[in-house]
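Bear in mind these aren't lab numbers, they're just calculated from the coordinates by the rules spelled out. Here the structure is a predicted model, which means the values were calculated and not measured. A quick note on method: Cβ atoms are made from the backbone with ideal geometry, for glycine too, and the neighbour counts reach across all protein chains shown.
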Number of protein chains: 2
Amino acid sequence: MDLEAYLREKREMVEEALQRYLPQEDAIPSQLPKAMRYSVFTGGKRIRPVLMLAACEAVGGDPRKALPFACALEMIHTYSLIHDDLPAMDDDDFRRGFATSHRVFGEAMAILAGDALLTEAFRLMASPEARGELPEGLVLEVIADIAQAAGVTGMVGGQALDVESEGRDVDLETLRWIHHHKTAAMISVAVRTGAKIGGATSEELEALERYGKAIGLAFQVVDDILDVEEEKAATYPRVVGLPEAKREAERLLQEALEALEPLRERSEPLQAIAQFIVERSF
Amino acid sequence: MDLEAYLREKREMVEEALQRYLPQEDAIPSQLPKAMRYSVFTGGKRIRPVLMLAACEAVGGDPRKALPFACALEMIHTYSLIHDDLPAMDDDDFRRGFATSHRVFGEAMAILAGDALLTEAFRLMASPEARGELPEGLVLEVIADIAQAAGVTGMVGGQALDVESEGRDVDLETLRWIHHHKTAAMISVAVRTGAKIGGATSEELEALERYGKAIGLAFQVVDDILDVEEEKAATYPRVVGLPEAKREAERLLQEALEALEPLRERSEPLQAIAQFIVERSF
C-alpha cells in the first residue's frame with residue numbers, strides 16, 4: 001500500500017476540519033484565537049488524529065464520523081505542547097522550527113491558549129455537529145475515554161511525574177510509568193476511540209487496544225532514541241542503554257503487528273503506521 | 001427563609017461530593033492529586049455549584065442529579081483561579097488567606113494542577129456516575145453549555161482580553177465584554193444547566209436564564225466595588241464611578257428578582273442568593 005498517499009489524504013481531512021472547528025481569528029476581540037491557531041497550524045504530524053481515522057476504517061467504519069473527535073484529540077495534544085514549552089516547564093523557544101507560543105504571544109496568552117484549546121476540544125466533542133448520527137451514549141463514552149487519557153491517570157499525570165523526576169536517577173519502573181501515561185495513553189486512546197466510533201466488535205476492539213498500547217509505548221521509546229543527546233530528561237537509552245532500547249522498540253512493533261492479524265487487509269494502514277513510527281523520521 | 005442554613009446544607013453536599021470525585025492523593029505516584037485537592041479545599045464559597053443545585057430545585061428537580069455537574073463547575077472555577085494566580089498572570093502569593101498553588105507546589109505543578117482539574121471536570125461529567133438516569137442527550141447538552149461558558153467565547157476569552165487590557169484605558173463597552181465573558185458566563189451557565197437538569201419548562205428556562213445573566217453581571221460589578229483599591233485592573237468603579245457602579249448593581253439585582261417572579265416560592269433560595277451576592281461579604 002502507498003502509505004505516503006494514505007497519510008496525505010487523512011492529514012488533509014484533519015487539516016481542513018481543524019480550520020473549520022477552531023475559532024476564527026476575529027471570533028472575539030482578543031489575540032486568543034490567533035494564538036490557538038498558531039500552535040495548531042505550525043507543523044504537527046497529526047499522528048493521533050490519523051490513527052483514530054485509520055482505526056475507524058480498520059473496522060469498516062466511516063472515518064468522517066471520527067473526524068471531530070480526531071480534531072479534538074489534536075487540540076488536546078497541542079495544548080499539552082504549549083504548556084510543556086512554557087518557561088516554568090521545559091522552557092523551549094522553538095518547536096518544529098517555529099517560535100513557541102509564549103515567545104510569540106507572551107507567557108500569559110500561551111497559558112490561556114492552552115487552556116482554551118483543551119476546553120474547545122470538549123466543547124467540540126459534545127456539540128451536535130460532532131454527535132451527528134452516533135449514539136449519544138457512545139459519544140459520552142468517547143469523551144470519558146479521551147478525558148481519562150488526557151488527565152490525572154493519563155497524560156497530565158505522566159507529565160507531572162516527569163517534571164518531578166527531572167535531574168533525578170529514575171528506575172525502569174518509573175520510566176515506564178511516565179511513558180505509559182505521558183505519551184502512550186493519548187496514542188492508544190486514539191486507536192481505541194476510533195475503533196469504537198467505527199463500530200468495532202469486542203474482538204476487534206481487543207485487538208486494536210493491544211495494538212494501540214504497543215505503538216503508544218514504541219512511539220516514546222523511539223522518541224527517546226532519536227533524542228539521545230537530551231541531557232536532563234529521563235530517557236529509555238539512558239536507563240537501559242541504546243541497544244536494549246532499540247530491541248524494545250522492535251519488540252513493541254512485532255507486538256503491534258501481531259495484534260492486527262485478526263483484522264487482515266483492512267488493517268494495512270495501521271501496520272504501515274506502526275512500521276513508520278518505529279522506523280521513522282515520522 | 002433561612003438562607004444561612006440553605007447555603008450550609010448545599011455547600012456540605014458539594015464538599016462531600018468533591019471529596020469523592022477528586023482523585024485521592026495516592027492515586028498516582030506524584031504530587032499532582034495533592035496539588036489539585038489543595039486548591040479545591042482552601043476556602044471557596046461554592047457559589048457556582050450552589051446556584052446550580054438551587055436552580056435545579058427551583059424547577060422541581062432533584063439537586064442530587066445536578067451534583068456531579070456542580071462539582072465539575074467548581075473544578076473548572078478552581079483551575080481558572082490557579083492559572084490566574086500564576087506569576088505570568090496576576091502573580092498572587094495568597095488567595096483566601098492561603099498560599100497560592102505555585103507558591104506551595106512550584107509553577108510547573110500549578111500549571112499541571114489547573115490542567116488536570118479542567119480535564120477531570122469533563123471526565124466526571126461524561127462518566128456513567130454523572131449520567132445516572134439523565135437522558136444522554138441532555139448530558140451532552142450540559143457538557144457543551146459548560147464548555148462554551150468556560151472557553152474562548154466565555155471565561156478564557158474574557159480573561160484573555162482582561163490580560164490584554166491591563167494598564168490601558170478601557171471603555172465601558174470593553175469592560176462589559178470582559179465582565180460578561182470572564183465572570184458572568186460561568187455564573188449564568190450554572191443556573192441554566194441546573195434548570196435543564198431539573199427538567200425546566202421553556203418558560204422556566206427563559207426566566208432562569210434572565211436571572212442568571214443578571215446575577216452574573218451583578219457579581220462582577222460588586223466584586224469591583226469591593227476591590228476599589230485595585231490599581232492596575234479595569235474595574236467598573238474606575239470607568240463609571242462608584243455611585244453609578246452601585247446603581248448598576250442594584251438595577252441588576254432588581255432585574256434578577258423580577259425574572260424569578262413566574263417561579264414563585266420555589267425560587268426563594270435564588271432570590272436570597274441574588275440579594276446575598278449584591279449585599280454581600282459573600
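Can you list the DSSP H helices in chain A whose Cα atoms extend at least 27 Å along the helix axis and whose mean Kyte-Doolittle hydropathy is -1.0 or higher?
A:63-85, A:107-126, A:202-226, A:242-260
Given chain B reduced to its alpha-carbon atoms as identical point scatterers, what log10 I(q)/I(0) does the Debye formula return at q = 0.07, 0.08, 0.12 Å⁻¹?
Log10 I(q)/I(0), no solvent term: -0.24, -0.32, -0.74.
Order of A:112-125, A:147-160, A:12-25 by packing, highest average Cβ count within 10 Å first?
Sorting A:112-125, A:147-160, A:12-25 by mean packing, highest first, produces A:112-125, A:147-160, A:12-25.
Using Cα pairs under 8 angstrom and six or more residues apart, how large is the relative contact order of chain B, in percent?
The value is 20 percent.
So if each residue of separation counts as 0.36 nm, and I subtract the Cα-Cα distance between A:Ala5 and A:Glu129, what length gain in nm does that give?
Additional length available on full extension: 41.9 nm.
Averaging sequence separations of C-alpha pairs under 8 Å and six or more residues apart, then dividing by the length of region A:120-256, give the relative contact order as a whole percent.
Relative contact order comes out at 22 percent.
Other chains near B:76-87: what is the mean number of their Cβ atoms within 10 Å of each residue's Cβ?
What the average comes to for B:76-87 is 2.
Magnitude of the Cβ-charge dipole of the protein assembly as shown, K/R +1 and D/E -1, about the Cα centre, nearest 20 debye?
That gives the protein assembly as shown a dipole magnitude of about 640 debye.
At 222 nm, what helix-only mean residue ellipticity would chain A give, in deg cm²/dmol to the nearest 500, using -39500 (n - 2.57) for each DSSP H run of four or more?
-22500 deg cm²/dmol, from helical runs alone.
Do any of A:Lys34/A:Lys182; B:Lys65/B:Lys213; A:Lys65/B:Lys182 go past 29 Å between their Cα atoms, and which?
A:Lys65/B:Lys182, as the Cα separations exceed 29 Å there.
At 7 angstrom along the Cα-to-beta-carbon line, where would the label on A:Arg247 sit relative to the other copies? Give the distances in nm, shortest first.
Counterpart label points of A:Arg247 in the remaining copies fall at 8.2 nm.
What is the mean number of Cβ atoms from other protein chains located within 10 Å of the Cβ atom of each residue in peptide B:124-130, rounded to a whole number?
Mean inter-chain Cβ contacts per residue within 10 Å come to 5.
Between B:Arg103 and B:Asp171, what FRET efficiency follows from the Cβ-Cβ distance if R0 is 51 Å, with the result rounded to 0.05?
My answer for the efficiency is 0.90.
Around B:Gly151, which amide H atoms from residues at least 5 apart in sequence, or from another chain, sit under 5 Å from its own amide H, with H modelled in the peptide plane?
When sequence neighbours closer than 5 places are left aside, the close amide H contacts are B:Val156.
Could you tell me the largest-minus-smallest coordinate of the C-alpha atoms of the protein assembly as shown on each of the three principal axes, in descending order and whole angstroms?
73, 45, 43
Starting from the Cα of B:Val240, step 7 Å along the direction of its Cβ; do the same at A:Phe94; then give the gap between the two resulting points in nm.
5.1
Quick check: residue separation of B:Ala27 and B:Arg266 times 0.36 nm, minus the Cα distance between them. What number comes out in nm?
81.9 nm
Once label points are set 7 Å from the Cα along Cα→Cβ at both B:Arg251 and A:Glu136, what is their separation, rounded to one decimal in nm?
3.9
Compute the FRET efficiency between B:Phe41 and B:Glu258 as 1/(1 + (r/R0)^6), taking r as their Cβ-Cβ distance and R0 = 45 Å, and round to the nearest 0.05.
That gives a FRET efficiency of 0.75.
Between copies, how far apart are the B:Arg168 label points? List them in nm, one decimal, shortest first, with each point 7 Å from Cα toward Cβ, please?
4.4
Taking the Cα centre of each part, how many Å lie between region B:129-180 and region B:27-55?
Using only Cα atoms, the two centres lie 19 Å from each other.
Where the only charges are on Cβ atoms (+1 Lys, Arg; -1 Asp, Glu), what is the dipole of chain A about its Cα centre, to the nearest 20 debye?
Result for chain A is approximately 520 debye, rounded to the nearest 20.
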